[in-house]
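Bear in mind that the values in this text are calculations on the coordinates, not laboratory data. Note that the structure is predicted; figures quoted are calculated from it, not measured. Here Cβ is always computed from backbone atoms with ideal geometry, including for glycine, and neighbour counts include all displayed protein chains.
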Amino acid sequence: MANNHLTGIGSESKQLATWYLTVAAILFGAQLLFGLVAAIQYVMPGFLFEILDFSIARMLHINALVVWMVFAMFGSVYWLLPDETGIETIGIKVGKLLFWVFTAAIVVVVLVFLFVQVGPADETTIWFITEGREYIEAPRWADIGIVVVVLGFVFNLYATGMKGNRSGIVTVIMADMLAFAGIYLAGMFFTDNITVDQYWWWWVIHLWVEATWEVYVGALAAYGLITMIGAHRKVVEMWLWIEVAMLFGSGILGMGHHYFWIGTPEYWWEIGALFSALEPLPLVAMFIHVLYDWGKTQGAQEALGKKTSVINNKPAFTWFVLNAFGNFLGAGVWGFFHTMPQVNLYTHGTQFTSAHGHLAFFGAYATILIGMMYLAVQGTNGIKVLRSTKTSIWAVSMIAGGVLGMTVALTLAGYVQVLVSRAQMGATWAGYFDGQSGMWFSQAMDWRLLMGFVTFLGFLLLAKDLLTTGKNPVHER
Ligand code: HEM
Ligand code: HEM
Ligand SMILES: [Fe+2]
C-alpha cells in the first residue's frame, strides 16, 4: 500500500479507481440531499410542492443510492485488481473511456429526472424518461448504455484475472461480477402484467443485495483485512469460500420473501419463510470472520511485545468494523424481524420496511465502500500509516449515529402502523391514514428528519476529511 499510485504497478488502474470513488462520493451527497427533501415533505407536505414532489425526490434518493454504490464497487475493483494480480489492468484505456460515458449518461438521466420528471403513458417515456421500476428507474437508452459499460468492466476484470495472479479474492469477484451483470438484464424488459413484472424486478433488487453484493462485500472484507492488518490470506479466503456457498444457498430461494403478496403461487410462503430465515447465517459468519481475524492479528502482535498498533489505516478499519456490525444488524436482525409471512402480513410496506432498508443498505454497503475510499486516499498519497483525524472520528460518529437514529425512529413509526393500520383497523383505507396521523407516528417523522440532518452534516465532514487527510504531514510516509 505504500506505493504511490503515480509510480507503482497498476498506477493507471488505481487512477481510474479514484475517479470512480470520487463520483461515488459526490452522488452519495446528492442521495442524502434528496432524502432530506423527502423527509421534510413527511413533516411539511407542501414543501416544494409541484417543483420537486415527494415521488421525484424519493426516486432520486434511491436511484442515486444504487448508482453511487455501483460506482464505488467498480472503483474498488479497479483499486484492488493490481494488488491482487500483480499486473496493470488490461484494457485500462477502454475502461477509462467507459468511465466518462457512464458518468455522462448518469448526469443526463439525473437532469431528466429533475426537470422533465414524468412523460406520457407510452413507449417514449420508457425509452427517454423513466422505466418506472423502483431503484433502477433509468430510461431504456441509458439501460442499454449501462450494459455496454458493464460489459467493458467485466472484460477488464476477466482479461486481467486470466493473465495475472488469480487469487481466491479475484476468482470470487470474477464469478460474482458476471452474475451481478447478468441479473441486471431481468429488469430491462417490460410486461403488461404487474405480477410478472414485479416477479422479475425482484431478481435485480433482491438477488443483487442479498446474493451478489453480499458476496462482493465478503471479497472486499477479505482484501481489506489482508491490506490493513496483514491477516493470513489462507484463513481469510477460507471464510470467503464458506460465505459464498452459504449466501448463494440462502439468498436465491430467500427471494421468496418478496413473493408473498404479489400474486405469485402460495408455495412461495413456505420457500420464502425457510430460506430467507437462513439468510442471517452467512452474515453471522462474516461478522465472526472480521472479529476473529482482527483478534488473531492483535494476539500475535501482543505476543511479540509490540505496542504500536498493527492497523495501518485507522479510518478505513473503523468503517470495515462498522460494516461487520451494520451488515449483521441491518440485514440480519432487521431483515429477520419481518421475513416470516406470519409477521410480514402485518409489517409489509410499513415504515418498518424502510427502517430495514436504511440500516441494511448503510450497514452492509455504504460502510465498507467508504472504507475503500480511505484505502484509496492512503495509497494515492503513499502513506504508510493513515491515522484517524478529529474530523474523521466526528464524521463516522455522526453518519453512523444519524442512520441508527433514523432507523430507530422508523422502526417506532412502523410499530404504530402495524398496531393501528393493520392489527386494529384491519388494513382498511381509513386505517392506512389513521396509522399515519397519530402523535407517535408524526413525532417519529420529526426525529427521522433531525437524524437525517445529523447524517448529512457527518457527510460534509467525511468529504472534508477525504479531501484533506492525505495531505496531512503527521502521517508516516
Ligand atoms: C444487505 C442486504 C439487504 C439489503 C440492502 C436489503 C434492503 C431491503 C430494501 C431496500 C427493502 C425494501 C424494498 C422495497 O422497496 O419494497 C427490503 C425488503 C425486505 N427485506 Fe431486505 N435487505 C437485505 C437483506 C435482507 C435479509 C437478510 C432479510 C431476511 C432475513 C431481508 C428481509 C426483507 C423482507 C422480508 C423485505 C420485505 C419487506 C416488506 O414486505 O415490506 N432483507 N430489503
Ligand atoms: C440524510 C439522510 C436520509 C434521509 C433524510 C432519508 C430519507 C428517506 C425518505 C424520506 C425515504 C422515503 C420513504 C418512504 O417512501 O416512505 C427514504 C427511502 C429510502 N432511503 Fe433514505 N434517507 C437518508 C439516508 C439514507 C441512507 C444513508 C441510505 C442507505 C445507505 C438510504 C436508503 C434508503 C432506501 C433503501 C429507501 C427506500 C426504502 C423503502 O422503500 O423501503 N437513505 N429515505
Ligand atoms: Fe429480499
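Diffusion of the range 185-324 by Stokes-Einstein, at 10 °C in a medium of 1.306 mPa s and with Rh set to the Kirkwood radius over alpha-carbon pairs, works out to 93 µm²/s. For the range 48-100, which trypsin sites (Lys or Arg not before Pro) pass both filters: DSSP loop (anything but H, G, I, E, B) and at most 16 other C-beta atoms within 10 Å? Sites meeting the loop and neighbour criteria: none at all.
Remark on V385: its backbone amide H falls under 5 Å from those of E476, a criterion applied only to residues 5 or more positions apart or on other chains, H modelled at 1.01 Å from N.
Computed from Cα positions, the angle between helix 168-184 and the longest principal axis of the chain comes to roughly 30 degrees.
The alpha-carbon atoms of the range 1-165 define a convex hull whose volume equals 114 cubic angstrom per residue. Magnitude of the charge dipole for the chain, about its Cα centre and with charges confined to Cβ atoms of Lys, Arg (+1) and Asp, Glu (-1), is about 1900 debye. Computed from Cα positions, the angle between helix 314-326 and the longest principal axis of the chain comes to roughly 40 degrees. Pairwise Cα distances in the range 76-142 exceed 19 Å for 48 percent of all pairs. At full extension, N381 and L33 could sit 122.3 nm farther apart than now, given 0.36 nm per residue minus the alpha carbon distance. Modelled label positions at E50 and A463, each set 7 Å beyond Cα in the direction of Cβ, lie 3.1 nm from each other.
The modelled label-to-label distance for the pair N165/W394, using points 7 Å beyond Cα in the direction of Cβ, is 4.2 nm.
Between W261 and any residue 5 or more places off or on another chain, the built amide H atoms are never under 5 Å apart. Once the Cα atoms are used to define both axes, helix 11-43 deviates from the longest principal axis of the chain by about 30 degrees. Packing, taken as the mean count of other beta carbons within 10 Å per residue, orders the peptides 341-349, 279-287 from highest to lowest as 279-287, 341-349. Note on K14: aspartates and glutamates with a C-alpha under 15 Å away, same-chain residues under 8 apart excluded, are D83, E84, E88. Across the options G438, L274, F456, the greatest Cα extent toward the positive end of the charge dipole of the chain (unit charges at beta carbon of Lys, Arg, Asp, Glu) belongs to F456.
Look at the alpha carbon pairs under 8 Å that are at least 6 residues apart: their mean separation over the length of the chain gives a relative contact order of 15 percent. With R₀ set to 41 Å, the beta-carbon distance separating W127 from W429 gives a calculated FRET efficiency near 0.70. For the chain, the spherically averaged projection of the C-alpha convex hull amounts to 22.2 nm².
Report the residues of the range 244-263 in range of a label on L345: point 7 Å along Cα→C-beta, backbone N strictly under 18 Å from it. The answer is 257-263. FRET efficiency for the pair D192 and N472, taken as 1/(1 + (r/R0)^6) with r the Cβ-Cβ distance and R0 = 41 Å, rounds to 0.10.
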